[in-house]
Each structure stands twice: as C-alpha cells, then as structure tokens.
Amino acid sequence: MQQRTNEFGQPIGLAVANWQGVPKPDGATLTGRYCRLERLDAERHADELYDAYGQAPDARDWTYLSAGPFDALDAFRAHLTRIAATADPFHYTVIDSATGKAVGTLALMRIDAGNGVIEVGFVTFSRLLQKTRAATEAIYLSMRYAFDTLGYRRFEWKCDSLNVPSRAAALRFGFTFEGIFRQAIVIHGRNRDTAWFSIIDSEWPAIRAGFDTWLEPANFDAGGVQQRKLAEFIDMQRGMAGGTTSR
C-alpha cells in the first residue's frame, strides 16, 4: 500500500471517512446461545455471584484483580453496589442460560467513544463459568456489541504481564499482542507491568466468523467437549481473508 503524504511531503495515516465518534454502552442485555450479559445489579446478582465465587477452593482467582477476595456477603454486596453505579467501567453480569444463574462478571471500560476505542476488563469468572462455552461466548458478545452494534474501531485486552492464563486467553480469542507497558501501575502494594492486546475493526469479520463456527452445537460432542479449537477456526477465517494467523 502506498504511503499517504500531506502537502509538506510528510507521511500521514489513512483517512477515516465521515468519522463522528460512536455511542457508549447503553445497558442493553446481550443475548447468546449459552449465556447473556445483563447490566450488573447488586440486588439481583450479589447472592448468586457470591455463591458462584465460593465454589473455588482458595483465593487464587483474585490474585491479579484489583478487588477481592471477599470473606463476607455484605462486603461483596457493597463492592457490587459501588461498581454497578459507574458508567466507566460499565459492568455486566454473565448469566448462564442453562441454569439462569449469575456466574461471573466483566466490564467494558476505558471507553473512548470519540476515537472508537474500548476495552474489556475486570473479567471475574467463577469456577462455574471458567473453561465453558458460556465463558467464551461472554467475551464474544462483548466484542460483537462493541464492533457490530456500537461501531468501535478498536477493542482492547490488558492484563498483568505475569498473568499467563489471561495472556493465553487473549491470543485464543484472536487478539494481537502489542507489547508490555513497564511499571504501569501499583496493585496490592506490588508493581504491575501490563501486557497490551487488541483487535481492530478490519480484523473483526474473520474473528467473528471463527467464533460463530466454534460456538455451533455441532462443534461439541455429547459431553460438551470441543471438536476443534477456537484458534483453528479463527486462523482458517484469517487465511481465507488473506490475513495472518494467531499462532
């Protein structure tokens, strides 16, 4: 592709025609096949979420999060009440379609509607949600909402650089690793270097098609075990589109 230049001969970025920004999340329920995302409501969701998080044998799931763990329901409910009132981060509860129970939360955050940039974060999935089709679909629903409904240009994932499972999840979901922000924040009295990942709108159609195929019931056996991995479907779609693979 030939580099664009201005009247001074300086290289400049591609034109973004008729860009006027995009809307912010409005609290609409996002419904999929295996789960739905509802705006977090402490009164409706606190008890079920507290029970779901209590399925874990220890507190390791909270190590890389800025809040928790919570040893009492009242403290947890107060935490949910506080974060449910914020517009950024904009918190959602993940409801398992099979049980109707709240099993985790996530948020759309660092919302830059003027530039079309948004991040998924505060991903707090209970043991009832982790490593399930619903967990993958929850992330997919947030992506689809950002790109297809609201029209964002960039969708981000950030995590502690030492959080190996989170970094692996980002790659599995089709994000591109962009680098490490050294000494980005202090959390729980310790340093955090932050790993950055992103998906941009031109990459989204192939990634969306990969998710759509992976989420089909035919991709799972009677025991719910996947027949083919998500990354395989995404890589196949990228190859068809002439893009690069995730591995």
>> Taking θ = phi - 60°, what integer Hz values does the Karplus form 6.51 cos²θ - 1.76 cosθ + 1.60 yield along the range 80-91, in sequence order, with x for Gly and Pro?
In response: 5, 4, 5, 6, 5, 7, 8, 8, 7, x, 10, 8
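With a sphere of radius 15 Å drawn around the Cβ of residue 216, what net charge do the other residues whose Cβ falls strictly inside it have (Lys, Arg +1; Asp, Glu -1)?
On the way: positive: 33, 133, 208, 228, 229; negative: 137, 212, 221, 232.
Residues near residue 216 contribute +1 overall.
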> So how far apart, in nm, are the two label points at residue 44 and residue 10 if each is 7 Å from Cα heading toward Cβ?
Replying inline: 5.1 nm
>> For the range 34-92 and the range 216-243, what is the centre-to-centre distance using only Cα atoms, to the nearest Å?
In response: 31 Å
> So how many Å³ per residue does the convex hull of the Cα atoms of the range 173-218 work out to?
Replying inline: 93 Å³
> Going through the range 139-247, which chymotrypsin sites (Phe, Trp or Tyr not before Pro) have at most 14 other Cβ atoms within 10 Å and a DSSP loop state?
Replying inline: none
> Under the definition of Cα pairs under 8 Å and six or more residues apart, what whole-number percent is the relative contact order of the chain?
Replying inline: 15 percent
> Where Lys and Arg each count +1 and Asp and Glu each count -1, what net charge lies around residue 81 among other residues with Cβ under 11 Å from its Cβ?
Replying inline: -1
>> Based on the alpha carbons, how large is the Rg to Rh ratio for the chain when Rh follows Kirkwood?
In response: 0.98
> In the chain, what is the count of Lys pairs whose alpha carbons are under 24 Å apart, counting only pairs at least 8 residues apart or on separate chains?
Replying inline: 5
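Just want to confirm a number: the relative contact order over the range 51-198, from Cα pairs under 8 angstrom separated by 6+ residues, in percent.
Values: 212 pairs, mean separation 25.6, N = 148.
That works out to 17 percent.
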> Residue by residue, what Karplus-based ³J(HN,Hα) values in Hz, rounded to whole numbers, does the range 127-138 have, using 6.51, -1.76 and 1.60 with θ = phi - 60° and x for Gly and Pro?
Replying inline: 5, 6, 10, 4, 6, 10, 4, 5, 5, 5, 5, 4
>> Using Stokes-Einstein with the Kirkwood hydrodynamic radius over Cα pairs, what translational diffusion coefficient do you get for the range 1-103 at 20 °C and a viscosity of 1.002 mPa s, in µm²/s rounded to a whole number?
In response: 125 µm²/s
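Kindly provide the helix-only [θ] at 222 nm of the chain, computed as the sum of -39,500 (n - 2.57) over DSSP H runs of four or more divided by all residues, to the nearest 500 deg cm²/dmol? Walk me through the numbers on the way to the answer.
Values: 6 runs with 68 residues, N = 247.
Mean residue ellipticity at 222 nm (helix-derived): -8500 deg cm²/dmol.
How much of the DSSP beta bridge set in the chain is antiparallel, as a percent to the nearest 5?
Values: 37 of 41 bridges.
If we restrict to bridges inside the chain, about 90 percent are antiparallel.
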> Using modelled backbone amide H atoms (1.01 Å from N, in-plane), which distant-in-sequence or interchain residues come within less than 5 Å of residue 125's amide H?
Replying inline: 105
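Where Lys and Arg each count +1 and Asp and Glu each count -1, what net charge lies around residue 34 among other residues with Cβ under 11 Å from its Cβ? Walk me through the intermediate numbers first.
Details: positive: 33, 36, 133; negative: 96, 137.
Neighbour charge sum, excluding residue 34 itself: +1.
A short reminder: the numbers here are calculations on the coordinates, not readings from a lab. Because the structure is a prediction, the values reported are computed rather than measured. Because the Cβ atoms are built from the backbone with ideal geometry, glycine has one as well, and the counts that use them run over all protein chains shown.
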